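A.B. asks: First the structure, then my questions, so here it is.
The values are calculated or read from the model by the stated rules, or taken from the named source; none is laboratory data. Not measured: the values here are computed from a predicted model. Every residue, glycine as well, gets a Cβ built from its backbone with ideal geometry; the counts of neighbours run over all protein chains shown.
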Amino acid sequence: MFARFSRSWALVKECMGLLMEDHSLLMFPLMSSIAMVVIIISFAVPLIPAFGFAAASGSDNAVSVLAYVALFLFYWVQFTIVIFFNTALVEVAMRHFDGQPAGVGEGLRRALARLPMIIGYAFIAATVGTILRMIAERVGLIGKIIIGLMGFAWTVANALVVPVLAAENVGPIDAVKRSAEMIKKTWGEAIIGNAGIGLIFGLFLFLFILVGVVLIIAGFATGHPALGVMMLLAVVVSVVLLVLAQSTLHGLYAAALYRYANGLPTQGIDPALLANAFAPRP
């Protein structure tokens, strides 16, 4: 277990170093977030009156069917957008790990080349997500817990789908199989590393907000509203950057984990630390 923690932390540190070296990597989660805002607005504008009309007709079945269809379509588009930009991010990370220069444009071009496979996998993920949601709404507490565990298992098994889509010439179903195969060997590192990133950034986020609130109150208390507004903007920008950095690190960590699961070298990590990390088990 200690070896797993050591490997996980070594990978996280390497990903942090890469992010500090290339700040342009933050552009991928930023573009993904902007696209998601546009999609949410695009779904909300036509669906609100549509739900209102369906409800006015007095047909609960119509509302239910419309809700699930809308949910599936939203999941599909959402997953497509997130996976597209994550694939672009992973592509650039792979190049960096190989010691090769790569930019945002190159990552986007690679993701565009893999778009049919990305859309296909997003369809699978949206189908699974919708089915789990439908079942969860029809079962009791124990059933919801079981469905939650199934959703967690699905998420863990698919943790390396994006690196597979970025690095291998396979379809969406094969990408799921490849991810599950590698996760069998790396599940400890996958969970520890991602949980560690979430914990570290969660703590930073809490401290930033806590200190930020104090500074904002102090700024307005001086009798100069402009100072309070400046503090508010500084806190908002800091929080946004932290969220973008966390999202970026998750993508970089998936790329690093994929490389080690396949025995590929990654700059910045002591080879001896992972010499037998993913050796076949007897």
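A.B. asks: Which numbered condition trips up Ile183, out of (1) in contact with a Leu (Cβ under 7 Å, 6 or more places away or on another chain); (2) β-branched (Val, Ile, Thr); (3) closer than 18 Å to Ser247 by Cα?
C.D. replies: Result: Ile183 fails condition (3) only.
A.B. asks: Could you grab the pairs with beta carbons closer than 7 Å, sequence gap of 6+ or different chains, first residue in the stretch 126-149 and under 24 Å from Ile81 (Cα atoms), second one among the small types (Gly, Ala, Ser)?
C.D. replies: Final answer for the pair search is Leu132/Gly151.
A.B. asks: Of the residues Leu71, Leu66, which single one is over 20 Å from the mean Cα position of the chain (by Cα) and surrounded by 15 or more Cβ atoms within 10 Å (Cβ to Cβ)?
C.D. replies: Working: Leu71 fails: over 20 Å from the mean Cα position of the chain (by Cα).
When all the criteria are applied, what remains is Leu66.
A.B. asks: Could you list, in sequence order, all residues of the stretch 123-160 that are among the hydroxyl-bearing types (Ser, Thr, Tyr) and surrounded by 15 or more Cβ atoms within 10 Å (Cβ to Cβ)? Even if it seems obvious, please write down each step before you answer.
C.D. replies: The first filter runs over the stretch 123-160 and keeps only residues among the hydroxyl-bearing types (Ser, Thr, Tyr), leaving 127, 130, 155.
Matches in the stretch 123-160: Thr130 only.
Okay, residues lined up against (1) closer than 20 Å to Gly129 by Cβ; (2) exposed (fewer than 15 other Cβ atoms within 10 Å of the Cβ); (3) out of contact with any strand residue (DSSP E or B) (no Cβ under 7 Å at 6 or more places or on another chain):
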position: Val162; (1), (2), (3): yes, no, yes
position: Arg178; (1), (2), (3): no, no, yes
position: Ala195; (1), (2), (3): no, yes, yes
position: Gly202; (1), (2), (3): no, yes, yes
position: Phe208; (1), (2), (3): no, no, yes
position: Val211; (1), (2), (3): no, yes, yes
position: Gly223; (1), (2), (3): no, yes, yes
position: Met231; (1), (2), (3): no, no, yes
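A.B. asks: May I ask you to list the residues in the stretch 219-236 that are more than 21 Å from Phe204 (Cα to Cα) and part of a helix (DSSP H, G or I)? Please lay out each step first, then the result.
C.D. replies: First, the residues of the stretch 219-236 that are more than 21 Å from Phe204 (Cα to Cα): 219-229.
Within the stretch 219-236, Gly219, Phe220, Ala221, Pro225, Ala226, Leu227, Gly228, Val229 qualify.
A.B. asks: One residue is enough: does the stretch 154-168 have a residue meeting the conditions of a type outside the set (Asp, Glu), without any contact (Cβ under 8 Å) to a residue 40 or more places away in the chain, over 21 Å from Cys15 (Cα atoms) and in contact with a helix residue (DSSP H, G or I) (Cβ under 7 Å, 6 or more places away or on another chain)?
C.D. replies: Yes, because at least one residue in the stretch 154-168 is of a type outside the set (Asp, Glu), without any contact (Cβ under 8 Å) to a residue 40 or more places away in the chain, over 21 Å from Cys15 (Cα atoms) and in contact with a helix residue (DSSP H, G or I) (Cβ under 7 Å, 6 or more places away or on another chain).
A.B. asks: Which condition number does Ile83 fail, the rest of (1) among the aliphatic types (A, V, I, L, M); (2) crowded, with 19+ Cβ neighbours inside 10 Å; (3) within 17 Å of Val37 (Cα to Cα); (4) touching a Ser or Thr at 6+ places or on another chain (Cβ under 9 Å) being met?
C.D. replies: (4)
Here is a yes/no grid of residues against (1) within 25 Å of Ala111 (Cβ to Cβ); (2) assigned to a helix (DSSP H, G or I); (3) modelled with pLDDT of 80 or more; (4) hydrophobic (A, V, I, L, M, F, W, C):
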| position | (1), (2), (3), (4) |
| --- | --- |
| Pro49 | no, yes, no, no |
| Ala54 | no, yes, no, yes |
| Ser64 | no, yes, no, no |
| Phe74 | yes, yes, yes, yes |
| Val77 | yes, yes, yes, yes |
| Ile83 | yes, yes, yes, yes |
| Ala88 | yes, yes, yes, yes |
| Glu91 | yes, yes, yes, no |
| His96 | yes, yes, yes, no |
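A.B. asks: Across the stretch 247-282, what is the total count of residues that are at pLDDT 55 or above and hydrophobic (A, V, I, L, M, F, W, C)?
C.D. replies: Qualifying residue count for the region: 8.
A.B. asks: Having 2 or more residues that are within 18 Å of the chain's Cα centre (by Cα) and either hydroxyl-bearing (Ser, Thr, Tyr) or closer than 19 Å to Tyr75 by Cα (or both) is the bar; report the helices (runs of 4 or more DSSP H) wholly within the stretch 103-182 that clear it. Lay out the reasoning, then the answer.
C.D. replies: On the way: elements: 104-113, 115-136, 141-157, 161-167.
Passing ranges, in order: 115-136, 141-157, 161-167.
A.B. asks: Just wondering, is there one or more residues in the stretch 237-251 that are more than 27 Å from Phe123 (Cβ to Cβ), in contact with a Gly (Cβ under 6 Å, 6 or more places away or on another chain), in a helix (DSSP H, G or I) and not charged (D, E, K, R)?
C.D. replies: So far as the stretch 237-251 goes, no, none of its residues is more than 27 Å from Phe123 (Cβ to Cβ), in contact with a Gly (Cβ under 6 Å, 6 or more places away or on another chain), in a helix (DSSP H, G or I) and not charged (D, E, K, R).
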